[in-house]
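Asks: Here you go, one structure.
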Amino acid sequence: MERWGDDSRNSSLRFAAFSPTTPGYTEVAKTLQLLICVKALHLDNRLTRRMHHFVAPRLPHPVCRIPLAAGILLCLLALPPDSPAQGIPDYELPPIHYSTATPSDRLARLDEAWSANRPRGTEADLLRWLLAELDVPVESQVLVFSRTSLQRDLIHPRQPRAIYFSDDLYIGWVPGGLIEATITDPNLGMVFYRLEARRPDRPLQFVRDADCLSCHGGSMTRHWPGLMIRSVFPDFRGEPITSAGSVLVGHDTPFERRWGGWYVTGQHGESRHLGNLFATPVPGGADVDTEAGANLSRLDPFFATARYPRPDSDIVALMVLEHQVVMHNRVSEGALRVRRWSHYQRQLQLELGEPVSDVPVGTALRVVQGETERIVDALLYHGEIRLPEGGIRGAGDFERAFAASRRPDTQGRSLRDFDLQTRLFRWRCSYLIHSEAFAALPRELKTSVLRRLDAILSAESPPERYAYLADDERRVIRQILLETHPDFAAALRGP
């Protein structure tokens with residue numbers, strides 16, 4: 001038995017402010033916040049180094065260094081964290097207008113006619129048809145039984161929620177409930193939809209779901225619309241034991257902390273994880289028997305698997321999903337932040353009567369550089385854990401479905417080739433570099449990412465941060481990109 005607990009403590013610094021009930025408070029404070037931050041974009045660097053530093057309160061956008069007088073004014077007018085104006089996230093401000101903007105993704109473009117051929121049968125029959133229509137492989141099925149999502153009242157260990165995914169689309173379903181979808185939109189990043197499929201007399205229509213942002217647009221996604229994979233300590237009802245804590249899972253999460261609240265099928269040797277388990281609450285944490293959930297090939301002892309399109313929750317699919325979520329979040333946040341700061345730059349140039357340029361400078365340039373590093377880290381699997389001794393093995397169905405989208409070079413090598421012995425993929429550059437989400441990155445950010453990637457791959461010796469990439473692997477990755485990714489070669493030729 002292992003005992004887990006979470007001793008972390010969150011703290012925040014708050015500043016005195018005049019009351020939000022003061023007439024005109026919200027309008028004045030929002031205007032001054034915007035003006036101060038915009039003006040700060042082009043402060044002369046020499047002045048910036050010589051001015052006093054002022055600790056600024058949290059704002060819904062990055063805070064630049066500002067002169068002392070402006071800092072005092074900002075402190076006096078700072079919105080408290082729970083005021084309405086302070087609650088406006090960056091993604092709802094110009095030029096993004098996330099909730100009111102019209103999406104242009106393929107779910108938004110579907111009309112009523114596409115559902116005319118919907119099958120008559122069980123919910124699972126409809127789900128299979130939907131997955132086929134949207135090119136989402138049914139073999140990608142993974143199952144979560146912790147009650148940690150929108151339809152928590154329907155989810156429990158005897159009725160888990162199923163998740164399916166392709167390179168740019170995620171589908172969630174629980175028997176008796178709505179079908180949920182998340183897709184990458186070229187302008188808005190991750191967009192959330194729901195589909196009412198329980199009424200056969202009505203056309204199928206994906207409707208945007210604003211409720212998702214309460215979790216998928218908050219602190220766990222860095223306050224930008226995004227996805228998350230959580231590992232919790234569930235009790236026998238699927239309720240998380242909050243005193244034991246939880247983990248946001250990515251490709252860098254230790255194996256033994258993964259999959260709490262998830263079902264897992266497949267082989268992983270002597271290593272243990274938190275999947276397929278129910279925890280017992282103890283003071284300050286939870287006890288779990290990790291041996292009980294190890295190396296399972298069947299899930300029918302837990303629930304009626306016949307109700308689902310597949311009887312498994314493949315370990316390889318789970319690990320691919322975890323990497324993919326990290327990658328999509330980095331790409332989506334990077335795109336939105338760069339668009340936001342490029343907008344600030346253009347507004348300032350207009351205000352000052354300067355020529356308007358899309359070439360990032362000042363803070364906008366630093367945002368591009370910072371997001372470049374975060375995206376490149378995810379692309380190159382920085383921090384990825386070593387797989388258990390002997391590797392992992394799934395049923396094989398997901399691996400074959402995943403390989404159907406390979407883009408091989410002339411030597412037959414692809415970024416979708418699995419390793420599964422010491423790491424997830426043989427060539428450690430994310431296959432999502434070929435995705436629609438990556439293609440839709442702002443031009444300046446995409447060019448920066450591709451050039452930074454080439455600098456790492458073509459260097460005589462890699463930067464220390466990427467020393468885990470052997471020379472041969474870097475050479476092969478670069479060759480694959482040159483032959484399969486037109487934007488990569490174009491970025492190297494461009495100015």
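Asks: Which is in contact with a Cys (Cβ under 9 Å, 6 or more places away or on another chain) and in contact (Cβ under 8 Å) with a residue 60 or more places away in the chain, of 150, 143, 204?
Replies: None of the other options fit; the residue is 150.
Asks: Could you count how many residues in the stretch 257-274 are assigned to a loop (DSSP other than H, G, I, E, B), closer than 25 Å to residue 428 by Cβ and not polar (S, T, N, Q)? Before you say what the answer is, go through the steps one by one.
Replies: Within the stretch 257-274, the first condition is being assigned to a loop (DSSP other than H, G, I, E, B), and the residues that meet it are 258-261, 264, 266, 268-274.
Now drop any that are not closer than 25 Å to residue 428 by Cβ, which leaves 258-259, 264, 266, 268-271, 273.
Pick out the ones that are also not polar (S, T, N, Q) and you get 258-259, 264, 266, 268-270, 273.
The total comes to 8.
Asks: Out of the stretch 217-259, which residues are touching a Gly at 6+ places or on another chain (Cβ under 6 Å), at negative phi and not hydroxyl-bearing (Ser, Thr, Tyr)?
Replies: 225, 232, 233, 234, 244, 252
Asks: On to the next question. Exactly one of (1) within 30 Å of residue 131 (Cβ to Cβ); (2) buried (at least 22 other Cβ atoms within 10 Å of the Cβ); (3) among the hydrophobic types (A, V, I, L, M, F, W, C) is unmet by residue 286. Its number?
Replies: (1)
Asks: Here's a follow-up. Mind listing whichever residues of the stretch 384-397 are exposed (fewer than 15 other Cβ atoms within 10 Å of the Cβ) and in contact (Cβ under 8 Å) with a residue 12 or more places away in the chain?
Replies: The answer is 386, 389, 390.
Asks: Among the residues of the stretch 294-337, write down those that are polar (S, T, N, Q) and free of Cβ contacts under 8 Å to residues at least 12 places away in the same chain.
Replies: Across the stretch 294-337, the qualifying residue is only 305.
Asks: Considering only the stretch 353-365, state which residues are part of a helix (DSSP H, G or I) and either in contact with a Leu (Cβ under 8 Å, 6 or more places away or on another chain) or loosely packed, with under 15 Cβ neighbours inside 10 Å (or both).
Replies: 362, 363, 364
Asks: Applying the selection to the stretch 415-457, what residues are polar (S, T, N, Q) and closer than 29 Å to residue 341 by Cβ? Break it down into steps so the answer makes sense when it comes.
Replies: Taking the stretch 415-457 first, the residues polar (S, T, N, Q) are 421-422, 430, 435, 447-448.
Correct list: 430, 435, 447, 448.
Asks: Now, a different point. Being loosely packed, with under 15 Cβ neighbours inside 10 Å and touching a residue at least 60 places away in the same chain (Cβ under 8 Å) narrows it down to one residue among 413, 400, 340; which is it?
Replies: Answer to the selection: 400.
Asks: Tell me, please, whether a residue that is assigned to a loop (DSSP other than H, G, I, E, B), over 21 Å from the mean Cα position of the chain (by Cα) and of a type in the set (Gly, Ala, Ser) can be found in the stretch 102-112.
Replies: No - not one qualifying residue is present in the stretch 102-112.
Asks: Same structure, new question: Given 469, 457, 424, which one is buried (at least 16 other Cβ atoms within 10 Å of the Cβ), more than 21 Å from residue 335 (Cα to Cα) and in contact with a Pro (Cβ under 6 Å, 6 or more places away or on another chain)?
Replies: Working: 457 fails: in contact with a Pro (Cβ under 6 Å, 6 or more places away or on another chain); 424 fails: in contact with a Pro (Cβ under 6 Å, 6 or more places away or on another chain).
Only one candidate passes the filter, namely 469.
Asks: Among (1) in a helix (DSSP H, G or I); (2) within 23 Å of residue 258 (Cβ to Cβ), where does residue 295 come up short?
Replies: (1)
Asks: Output the residues belonging to the stretch 113-133 that are in a helix (DSSP H, G or I) and either under 21 Å from the mean Cα position of the chain (by Cα) or surrounded by 13 or more Cβ atoms within 10 Å (Cβ to Cβ) (or both).
Replies: Matches in the stretch 113-133: 114, 115, 123, 124, 125, 126, 127, 128, 129, 130, 131, 133.
Asks: Can you pull out every residue in the stretch 411-437 that is part of a loop (DSSP other than H, G, I, E, B), in contact with a helix residue (DSSP H, G or I) (Cβ under 6 Å, 6 or more places away or on another chain) and of a type in the set (A, V, I, L, M)?
Replies: Residues satisfying the conditions are 415, 424.
Asks: Okay, next question. Restricting to the stretch 343-352, count the residues that are among the hydrophobic types (A, V, I, L, M, F, W, C), out of contact with any helix residue (DSSP H, G or I) (no Cβ under 6 Å at 6 or more places or on another chain) and crowded, with 16+ Cβ neighbours inside 10 Å.
Replies: 0
Asks: Working only within the stretch 134-179, note down all residues that are among the hydroxyl-bearing types (Ser, Thr, Tyr), crowded, with 21+ Cβ neighbours inside 10 Å and assigned to a loop (DSSP other than H, G, I, E, B).
Replies: Listed by number, the list holds a single entry, 146.
Asks: Could you please give the count of residues in the stretch 311-337 that are outside any helix (DSSP H, G or I) and surrounded by 23 or more Cβ atoms within 10 Å (Cβ to Cβ)?
Replies: So the answer is 3.
Asks: Mind checking whether some residue in the stretch 191-200 is in contact with a helix residue (DSSP H, G or I) (Cβ under 6 Å, 6 or more places away or on another chain) and of a type outside the set (Ser, Thr, Tyr)?
Replies: Checked against the condition, which is being in contact with a helix residue (DSSP H, G or I) (Cβ under 6 Å, 6 or more places away or on another chain) and of a type outside the set (Ser, Thr, Tyr), the stretch 191-200 yields at least one hit.
Asks: So, one more: Taking the stretch 438-449 as the region of interest, how many residues are under 20 Å from the mean Cα position of the chain (by Cα), in a helix (DSSP H, G or I) and crowded, with 19+ Cβ neighbours inside 10 Å?
Replies: Selection size over the stretch 438-449: 4.
Asks: Which of the residues belonging to the stretch 236-256 are outside any loop (DSSP other than H, G, I, E, B) and in contact (Cβ under 8 Å) with a residue 24 or more places away in the chain?
Replies: Selection gives 240, 243, 244, 248, 255, 256.
Asks: Separate question: Count, please, the residues in the stretch 185-231 that happen to be over 16 Å from residue 92 (Cβ atoms), of a type in the set (S, T, N, Q) and assigned to a loop (DSSP other than H, G, I, E, B).
Replies: Residues meeting the conditions: 1.
Asks: Okay, moving on. Examine the stretch 373-380 for a residue that is touching a helix residue (DSSP H, G or I) at 6+ places or on another chain (Cβ under 9 Å), in contact (Cβ under 8 Å) with a residue 60 or more places away in the chain and in a loop (DSSP other than H, G, I, E, B), and state whether such a residue exists.
Replies: So far as the stretch 373-380 goes, yes, one or more of its residues are touching a helix residue (DSSP H, G or I) at 6+ places or on another chain (Cβ under 9 Å), in contact (Cβ under 8 Å) with a residue 60 or more places away in the chain and in a loop (DSSP other than H, G, I, E, B).
Asks: Just to be sure before I move on: is residue 383 within 22 Å of the chain's Cα centre (by Cα), closer than 21 Å to residue 325 by Cβ, at pLDDT 95 or above and not charged (D, E, K, R) in the structure I sent? Talk me through it step by step, then tell me what you get.
Replies: Details: within 22 Å of the chain's Cα centre (by Cα): yes; closer than 21 Å to residue 325 by Cβ: yes; at pLDDT 95 or above: yes; not charged (D, E, K, R): yes.
So residue 383 passes the test.
Asks: Let me ask something else about it. Would you pick out the residues in the stretch 248-257 that are surrounded by fewer than 19 Cβ atoms within 10 Å (Cβ to Cβ) and in contact with a strand residue (DSSP E or B) (Cβ under 8 Å, 6 or more places away or on another chain)?
Replies: 248, 257
The values are calculated or read from the model by the stated rules, or taken from the named source; none is laboratory data. The shown structure was predicted, so the numbers you read here are calculated from the model rather than taken from an experiment. We place every Cβ from the backbone using ideal geometry, glycine too, and count neighbours over all the protein chains shown.
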